[in-house]
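A short write-up of the structure that comes next.
The values are calculated or read from the model by the stated rules, or taken from the named source; none is laboratory data. The model shown is predicted, which means the values in this text are computed figures rather than measured ones. Virtual Cβ from ideal backbone geometry, glycine too; neighbours counted across all protein chains shown.
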Amino acid sequence: MSQDGLIPFNRPCLTGKELEYIADAIRRGHASGDGFYTQQCHRFFENQFEIKKALLTTSCTHALEMAAILCNIRPGDEVIVPSYTFTSTVNAFVLRGARPVFCDIRPDTLNLDETRVETLITANTKAIVPVHYGGVSCEMDSLLEIAKNHKLFVIEDNAQGIFGKYKNKNLGSLGNLGTLSFHETKNINCGEGGALLINDSSLAERAEIIREKGTNRSQFFRGQIDKYGWVDLGSSFLPSDILAAYLWSQLEMWPSIVAKRKTIWDTYYQELTTWAESLGIGLPHVPSHVEQSHHLFYLIFPDLENRTRFIQHLKQKGIHAVFHYQALHCSPMGLNLGGAKGQCPISEQMSDRLVRLPFFNSLTQEEQWRVIETTLEFQLLNLKKPMSHARLAA
């Protein structure tokens, strides 16, 4: 708990060896990108996720931007994206001149609704970008089949889903490309950071070039060529080895981090289910064929007013809870890009109704019980009958 007794929504968490490894990275004399700790992280992801290649980036945003370049996204192309997501999911493709085609989400998992995707495909569609909301997998079999039939790229935005699985396969390893985030709010963090996961071997060599400012510098350092030059588009997407050292200290501890977060998630679910059901408040849904990452825990209130009251109720008790995304198709930029209000109704409703409870690796039992007890004290204003998942889906 913070010194003033407040429980924050998030607290950046350390495993204990961050400073030791950062100092070691500096002593090794290679503090820029692709040093010892970067290579450790690359090997970890390639082995753990059974993928062709992993490349650390300065953020998940940059990993998505690399993916857009790799997939040759150009002006006039269309990319199918969920409206209920972070701006980076869409910006990466808009920066290449593409038009985002906003798709609504499922009312149960809040993921891209796979039943709506095919109706949005045109001759200009180039890619589908599933976002595994909260680390709960999208229905990847359906999405991959649609992509195969229409010869589309699948780029998994797995910012929230590290170590999550779909039918025993790691999230991020299912599409042509996957991305990860190591922002301080994520399960595994290094302050700021990300990774591009490459599952299509034909994209691996070019990915290295794009990440190295459009040069074949990586091949030069491996002794594969006698000089390097500018051969493609690119930018400086490499994080320093200092950040990789920080990240490696977290990856070494991944089993205990996963176990702790599972305990926190399970406790919230067990203790709040009866209260939530009695009031018609929605809780997260995890399909049986999915292993989630336990990234966040949310509540879905029947309306905006009750959600606002609930956030204020917690705030008065020194607890910081927050809402999540605003539906992108209704945003000023989304409207400029062809979005229209009413286009994705479930996304719009979640923008008004969802709230996230404090959730971080070092959340103590005492802190969590204070959040739970304060939550159980809250009663709804009976403004209108709560809307069930079934009615949402209709």
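Each row is one residue, and each column tells you yes or no for (1) outside the structural domain of Phe310 (by TED's automatic domain parsing); (2) surrounded by 20 or more Cβ atoms within 10 Å (Cβ to Cβ); (3) assigned to a helix (DSSP H, G or I); (4) in contact with a Gly (Cβ under 6 Å, 6 or more places away or on another chain).
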| site | (1), (2), (3), (4) |
| --- | --- |
| Gly342 | no, no, no, no |
| Glu348 | no, no, yes, no |
| Phe359 | no, yes, no, no |
| Ser362 | no, no, no, no |
| Ile372 | no, no, yes, no |
| Thr375 | no, yes, yes, no |
| Gln379 | no, no, no, no |
Handout entry: Residue in region 222-247 that is surrounded by the most Cβ atoms within 10 Å (Cβ to Cβ), counting only those that are aliphatic (A, V, I, L, M) and part of a helix (DSSP H, G or I)
Key = Ala244
Problem - Filter pass, Ala159 being among the hydrophobic types (A, V, I, L, M, F, W, C), within 11 Å of the chain's Cα centre (by Cα), at pLDDT 95 or above and not assigned by TED's automatic domain parsing to the domain that holds Trp265 - result: yes
Fill in the blank from the handout: Of the residues in region 20-43, those that are over 27 Å from Leu197 (Cα atoms) and part of a helix (DSSP H, G or I) number 3
Practice task
Tell me which residues, restricted to region 68-88, are under 15 Å from the mean Cα position of the chain (by Cα) and either on the phi > 0 side of the Ramachandran plot or in a helix (DSSP H, G or I) (or both).
Solution key: Thr87, Ser88
Completion exercise
The residue from Ser218, Ser201, Ser235, Ser249 that alone is over 26 Å from Asn176 (Cα atoms), among the hydroxyl-bearing types (Ser, Thr, Tyr) and touching a residue at least 24 places away in the same chain (Cβ under 8 Å) is Ser249
Problem - region 300-317, residues that are of a type outside the set (Phe, Trp, Tyr) and outside any helix (DSSP H, G or I) - result: Ile300, Pro302, Asp303, Lys317
Fill in the blank from the handout: Selection from region 93-127 of residues more than 28 Å from Gln292 (Cα to Cα) and in a loop (DSSP other than H, G, I, E, B) yields Leu95, Arg96, Gly97, Ala98, Ile121, Thr122, Ala123, Asn124
Problem - Criterion: under 21 Å from the mean Cα position of the chain (by Cα) and among the polar types (S, T, N, Q) - qualifying residue of Ser256, Ser218, Ser240, Ser235 - result: Ser256
Handout entry: Verdict on Gln250 being closer than 21 Å to Asn158 by Cβ, in a helix (DSSP H, G or I) and polar (S, T, N, Q)
Key = yes
